[in-house]
Amino acid sequence: MSNSQDLENTPQNENNVYVHEGGEIKRKESLFDKRSRSLKLSWHNLSYTVKAKYTKEERARLGVQEKYYDKEIVKNASGYCEQGDALFIMGSSGAGKTTLLNILSDQISLKNAALSGQVLINDSIRVTSDNFGSYAAYITQEDYLYESFTCEKCIEFAARLRLNLTREETSERVDEIIEKMGLQKCRKTMVGSEAIKGLSGGEKRRTSMAVELVTNPEILFLDEPTSGLDSFTAQKIVSLLIDFANRGKTVIATIHQPNSEVFQKFPKLLLLMDGHTIYQGNTMESVEHFKSIGHQVPEFSNPSDYYLKEFYISFERTEEEQKKMNALVDGYNRDILPKIESAMESRNYDQVTEKELQKGMTKASFLLQFWILLCRSAYNVFFHPMIIKFKTIGILTIALVCMAVLWDPGEDREGIRGTIGSFLFITATFTFAPIATTTRSFSAEKPVFMKEYGNKTYGLIPYAISNSLVEIPFESTYALIFAIIVYFSMGLEAEVGKFFIFLFAITLNSFCAMSMGLFLSAAVPNEESAIALTNLFVAPALLLCGVPVNLGTLDPWVGWLTYISPLRYTVEILIRNEYEGRSFSEIENPISSLDYNLNIPFNFAILGVMILTFRGLAVLFLRITSKR
Ligand SMILES: Nc1ncnc2c1ncn2[C@@H]1O[C@H](COP(=O)(O)OP(=O)(O)OP(=O)(O)O)[C@@H](O)[C@H]1O
């Protein structure tokens, strides 16, 4: 494991750095310095219920007719964590670990759900998504990173977006965090994807942590930070988290199936069974507690394996399992909960106001957010090895094929038919390719956006504008290369104005297709659905663009559909641009037989309106579907 050695360098020792400041030698502030304030996170009588749907089997087994029922996922949970604690939440699959973590960090969805109870900071302030970012960070199970970015760039952009620091301060913070996380060896390695090898699983996980640590949060929430990692790397990640806690941070993490070495490292354990807390406290003392209520961990076995197996509720939920769970809950309520409650009350923490809690929370201004996001999007497009390479090869290949096949088709009946057919082909090329790349790239980027927007790292408007602007130079260049090769080889009218109308039409068509791709990927949850929808939209749009079927032959009830086909406007521009006002000796002007009824400026205007509409709808869907 290449990353395993790096982890040896992670923060085991205090590396104080001293600097000259105003004639004095001062210790430099470190990212891992304890903050002067100390925070306690406590939760009181949390219950979370969702409207769940019965499966067919459940309805048959329980003999019920109703489709939905109230499913209580977290049941009356209370507890606390204070500065320096590392609490690991364990339980079998479906026990409610992620749900509890999401409630504690105010990341829970309240759609078709009810939440009762309170999560408080220092017994006074409610944890909300408004104040969360000023003292806490949430590291999700998935690594939401740009695949074309290097490890260093991921951290750098996060620091630039979340902190209002100078360039020098930002780079110092990035260096420090890279060193603390043991990422020196892979700082210039690309994140990568399934198709392109990049960071290892452990390195990705540590990069995700580094991205969240740039703000120096006091409380860290982690959902399954070791999932998918080999046991050695998992052990090192857990050591790293415990080290953070020893340096004054509070760590709360869910863990699915730790091996015995990892388990023994846990300072504090919270065990869940079917949403009930059945243990909370010192990890190794749990063995004694369960022994006292009749669940002795067999000799030489890993307590965590025993707990997961023993405290498991099956789908059938037998009477015996229910009895066992009741006894475990009783044991917890009798022997553990009173101690937790009295400890919770006895720890007096300074009362903080909402204002004090959010003190020191800096954020880039609107304009700065826009600028950083623009730089980031440009970097993402420019350094994306697949997109640039394949798009360039694709456009050049299609242009050269067009050049060979459509070489000066002439102006007789057949030649004009060929030219009109090629306008349709060119429009289709500048629809399918951009819609496919945008759907793919935005579907990959969407989870990163959702997470960052949910964290209030930036606003939707600077994101949407920067994302749109960055496409202009790239797409215009592709269109220009294509137009130069194809326009003249087809022997189209040799007029500068007409060439630019041709170029502008295919460029706008391309933006319109990209906007449609953006809207579809924003509206649906995953890439597969977005791709299925693009086919559903584009195929009829192609059929209704006026060339395959003459517009005048369409019945009115279906004819109106031609007006929502963006391709119709582009094809009309290309045809009018070439043939308007011309007469031919043998045949009539093709425009009259095609029944197009608009003019070039109006077609351009409609394409512009469509671009804005699709982008507006994309923003609307992102706003609606985000958790903010
Ligand atoms: N919105 C919801 N609607 C219906 N059921 C839900 C909802 N959210 C969670 N659940 C169910 O609640 C239970 C607990 O889910 P949760 O994700 O918290 O479990 P977990 O302990 O983290 O599991 P795992 O280790 O498998 O990730 C699961 O059975 C899950 O299917």
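Data for the structure
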{"quantity": "Shape of segment 32-124, Cα gyration tensor, a/c cut at 1.5", "calculated": "prolate"}
{"quantity": "Quarter of the Cα convex hull surface for segment 464-587, i.e. its orientation-mean projected area (nm²)", "calculated": "10.2 nm²"}
{"quantity": "Whole-angstrom gap from segment 238-253 to segment 345-411, using each part's C-alpha centre", "calculated": "32 Å"}
{"quantity": "Computed over the chain: relative contact order in percent, which uses C-alpha pairs under 8 Å that are six or more apart", "calculated": "14 percent"}
{"quantity": "Volume in Å³ per residue [convex hull over Cα atoms, computed for segment 337-409]", "calculated": "247 Å³"}
{"quantity": "Between helix 151-162 and the chain: long-axis angle, C-alpha atoms, 0 to 90°, nearest 10", "calculated": "90 degrees"}
{"quantity": "Along principal axes, Cα extents of segment 137-229, largest first, whole Å", "calculated": "36, 28, 20"}
{"quantity": "Restraint check, K391/K446; K75/K111; K53/K97; K67/K111; K249/K309; K97/K185, Cα-Cα greater than 27 Å", "calculated": "K249/K309; K97/K185"}
{"quantity": "Debye intensity ratio in log₁₀ form over the Cα atoms of segment 440-537, taken at each q of 0.19 Å⁻¹", "calculated": "-0.96"}
{"quantity": "Cα-based shape type of segment 171-223, given that a ≥ b ≥ c are square roots of the gyration tensor eigenvalues and the cut on a/c is 1.5", "calculated": "oblate"}
{"quantity": "Whole-number percent relative contact order across segment 60-184, with pairs defined as alpha carbons under 8 Å at least 6 apart", "calculated": "13 percent"}
{"quantity": "Descending principal axes extents, segment 373-625, alpha-carbon based, whole Å", "calculated": "67, 41, 29"}
{"quantity": "Cα-only Debye scattering, segment 268-332: base-10 log of I(q)/I(0) at q = 0.28 Å⁻¹", "calculated": "-1.46"}
{"quantity": "Exposure proxy order (Cβ contacts within 10 Å, fewest to most) of D106, D175, D555", "calculated": "D555, D175, D106"}
{"quantity": "Equivalent-ellipsoid semi-axes of segment 532-628, from the Cα gyration tensor, Å, largest first", "calculated": "32, 16, 10"}
{"quantity": "Taking V191, V524, V496 and counting other C-beta atoms within 10 Å, the order from fewest to most", "calculated": "V496, V524, V191"}
{"quantity": "Percent of alpha-carbon pairs separated by more than 10 Å within segment 589-628", "calculated": "75 percent"}
{"quantity": "Largest-first ellipsoid semi-axes for segment 70-165, taking √(5λ) over the Cα gyration tensor eigenvalues, angstrom", "calculated": "28, 18, 14"}
{"quantity": "Burial ranking of peptide ranges 54-67, 282-295 (average Cβ count within 10 Å, highest at the top)", "calculated": "282-295, 54-67"}
{"quantity": "In segment 576-625, the chymotrypsin sites (Phe, Trp or Tyr not before Pro) that fall in loop regions by DSSP, at most 16 other Cβ within 10 Å", "calculated": "F584"}
{"quantity": "Descending semi-axes in whole angstrom, ellipsoid equivalent of segment 446-491, from the Cα gyration tensor", "calculated": "37, 9, 5"}
{"quantity": "Value in Å of the Kirkwood radius, where the chain supplies the Cα pairs that are averaged", "calculated": "28.3 Å"}
{"quantity": "Trypsin sites (Lys or Arg not before Pro) within segment 520-602, DSSP loop, no more than 14 other Cβ atoms inside 10 Å", "calculated": "R582"}
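All of the numbers you see were taken from the coordinates with simple rules; none came from a lab. As the structure is a prediction and not an experimental result, all values here were calculated from the model. Note that each Cβ is placed from the backbone with ideal geometry, even for glycine, and that neighbours are counted across all protein chains shown.
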